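Have a look at the structure below, then the notes.
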Amino acid sequence: MKARAAVEGALARIEALEAEIGALLDVDEEGARTLADKLDREPAPRGPLHGVPFALKANLCWRGHLTGAASRILDGYRPPYSATAIERLIAAGAIPLAITNMDEFAFGSSGENSSFGATRNPWDLSRTAGGSSSGSAAAVAAGFVPFALGSDTGGSARQPAALCGVSGFKPSYGRISRRGLIAFAPSLDTVGVLGDSIERIEQVLACVSGHDERDATSLALPPLALEAPREHLRGLRIGVPKEWDAELCDQGARDRIRAALEAMHALGAELVSVSLPLTLHANATYQVVSACEAASQLARYDGVRYGSRESCDGTLQGMIAQTRGSSFGPESRRRILLGTALTSDEGSPSYEHAARVRRRIVDELRAIFERVDLLASATAPEVAFRLGERSGDSARMHHSDLLAVPASLAGLPAASVPCGTCTTDGVELPVGLQLCGAPRADARVLSTARCFQAATRHHLARAPLTGALP
Ligand code: GLN
């Protein structure tokens, strides 16, 4: 009965709050109930995720379900297979329950680029939930599900986790199979995990990580071996990049991060001031590289093979132009145009330049891990901003990604863990601490985040509107 009870609890909470939040695009009530009943009849639990309902971002293929990356161009698309991460969770007894809202094709930092309306932040419904995994973060923050899958190409799991007061994790590139993740920028894309605690994320990682021969970029490594829980951080050197500090962050976020650094120091970590000057160019570099890859990936949506089709003059070219022109949202069109221009003959020197700068940023980051074990900073330079405040202003929108993109460019593991709230315009809003690790040091990032979480317990703070939930 436990799995069924967990599903019914999740459905009751969704029923109570989803209309206000807009975190979900679809809920598979019957599928979840059937699976839960089957799991409850099994003689023994399969593991820690047995009977635990979860939500998944709409850019993860889930067989037979509407997982079309919140885009009109994939209207009605039901993939014929499930992403490897979903297959592995189901095999471990977890229950896929709902599909979460997101920025179309994961382009955005606020969830406002969804074709199906923005998600609202459970801490303050007038504010964004961050993005692009807006619905996954809000679904966890609203208590619908204990964890949700997202994706993280340039911060999309970590930044919304921070803005919604939940934990978020971007694994090392290749640690979780990308098979079944609808591509945005394949050299940066990762499956991300958002959860109500770091322990939960560790359980999910242990299940979904590990080599997948159907993804050529999957690391040839076994499932992640977790580190034992730490009681202290003695012996750890935590780098605090000076370029990622004060001037970049709003006052409220800055104060919480300073307190978090002190807490880690009190747990025994040695704090080391480091300098990463090239990472100041990470955001510009990311925007060029990701737009070029996105333009090339999205060329496949031509009205022939997937999703919607519109016709005007009866020619193939006319059909493709009409379908793409009317079915992609404004942000997708902007990125396709930018990426196409930057990979044209005239634009390609900029792309090549960005690729070279990326290499130097990667080298700078790798070198720093000879001196420190982890890097600590804010996840985002601010708390959740108001809906509409930045739409149409891509420079301001991308400001939110500033501290998240360096780890993405270098394929490094990074977690966002709640580190308290600050009062902004009279409301309490959460702040996230980012811990970024050396190449493949996923387990170290998670054990450090878990120790911080156990000592500070900020992850237990709940969005006020969840107070009366069933
Ligand atoms: N916010 C970033 C962007 O708009 C990152 C998105 C992501 O990680 N998918 O590109």
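The values are calculated or read from the model by the stated rules, or taken from the named source; none is laboratory data. Remember, it's a predicted structure, so these values are computed and weren't measured experimentally. Methodologically, a virtual Cβ is constructed for each residue, glycine included, from the backbone with ideal geometry; neighbour enumeration extends over all protein chains shown.
Do any strands (runs of 3 or more DSSP E) entirely within the stretch 97-177 hold 2 or more residues that are more than 12 Å from the ligand (Cβ to nearest atom) and surrounded by 24 or more Cβ atoms within 10 Å (Cβ to Cβ), and if so, which?
Fully inside the stretch 97-177 and qualifying: 147-151, 167-170.
Cβ-Cβ under 8 Å, sequence separation 6+ or interchain: first residue in the stretch 134-154 and touching a residue at least 24 places away in the same chain (Cβ under 8 Å), partner surrounded by fewer than 24 Cβ atoms within 10 Å (Cβ to Cβ) and polar (S, T, N, Q). Which pairs?
From the stretch 134-154, the pairs are A141/T466; A142/T466; G143/T466.
For the stretch 37-52, give me the residue count where each residue is crowded, with 24+ Cβ neighbours inside 10 Å and closer than 12 Å to V7 by Cβ.
1
If G64 satisfies every condition in (1) more than 12 Å from the ligand (Cβ to nearest atom); (2) crowded, with 24+ Cβ neighbours inside 10 Å; (3) at positive phi but one, which is the exception?
Exception for G64: condition (2).
For P349, all conditions in the list (1) over 30 Å from H399 (Cβ atoms); (2) at pLDDT below 90 hold save one; what is the number of the exception?
(1)
Which one is modelled with the lowest pLDDT, of the residues in the stretch 269-305 that are part of a loop (DSSP other than H, G, I, E, B) and surrounded by fewer than 19 Cβ atoms within 10 Å (Cβ to Cβ)?
Here the answer is R305.
Identify the single condition in (1) of a type in the set (A, V, I, L, M, F, W, C); (2) in contact with an Asp or Glu (Cβ under 9 Å, 6 or more places away or on another chain); (3) away from the ligand (no atom under 14 Å from the Cβ); (4) not in a loop (DSSP other than H, G, I, E, B) that L89 does not satisfy, given that it satisfies every other one.
Against the list (1) of a type in the set (A, V, I, L, M, F, W, C); (2) in contact with an Asp or Glu (Cβ under 9 Å, 6 or more places away or on another chain); (3) away from the ligand (no atom under 14 Å from the Cβ); (4) not in a loop (DSSP other than H, G, I, E, B), L89 comes up short only on (2).
Among the candidates A259, A228, which residue alone is part of a helix (DSSP H, G or I) and surrounded by fewer than 18 Cβ atoms within 10 Å (Cβ to Cβ)?
Just one listed residue meets the conditions, A259.
Condition first: within 13 Å of V405 (Cβ to Cβ) and β-branched (V, I, T). Now tell me which residues in the stretch 146-175 satisfy that.
T153
Mind listing just one residue for me: the one in the stretch 369-402 that is among the polar types (S, T, N, Q) and in contact with a Phe, Trp or Tyr (Cβ under 9 Å, 6 or more places away or on another chain) and, of those, nearest to L278 (Cα to Cα)?
Filtering first and then ranking leaves S377.
When the residues of the stretch 28-70 are filtered to those that are among the β-branched types (V, I, T) and touching a Phe, Trp or Tyr at 6+ places or on another chain (Cβ under 9 Å), which remaining residue is nearest to A142 (Cα to Cα)?
Out of the qualifying residues, it is V52.
Are any residues in the stretch 386-405 touching a strand residue (DSSP E or B) at 6+ places or on another chain (Cβ under 7 Å) and away from the ligand (no atom under 13 Å from the Cβ), and if so, which ones?
R386, L387
Could you pull out the residue among R358, R371 that is at pLDDT 95 or above and crowded, with 19+ Cβ neighbours inside 10 Å?
That would be R358, the only listed residue that is at pLDDT 95 or above and crowded, with 19+ Cβ neighbours inside 10 Å.
Consider A70 against the criteria (1) free of Cβ contacts under 8 Å to residues at least 40 places away in the same chain; (2) buried (at least 22 other Cβ atoms within 10 Å of the Cβ): it satisfies all of them except one. Which criterion is unmet?
It is condition (1) that A70 fails.
Among all residue pairs at least 6 apart or on different chains, which show Cβ distances below 6 Å where the first residue, located in the stretch 383-407, is under 13 Å from Q159 (Cα atoms) and the second is of a type in the set (D, E, K, R) and more than 8 Å from the ligand (Cβ to nearest atom)?
So the pair list comes out as A384/R127; M397/R390; A404/R158.
Inside the stretch 407-438, can you point out the residues that are more than 16 Å from the ligand (Cβ to nearest atom), small (G, A, S) and assigned to a strand (DSSP E or B)?
G420, G437
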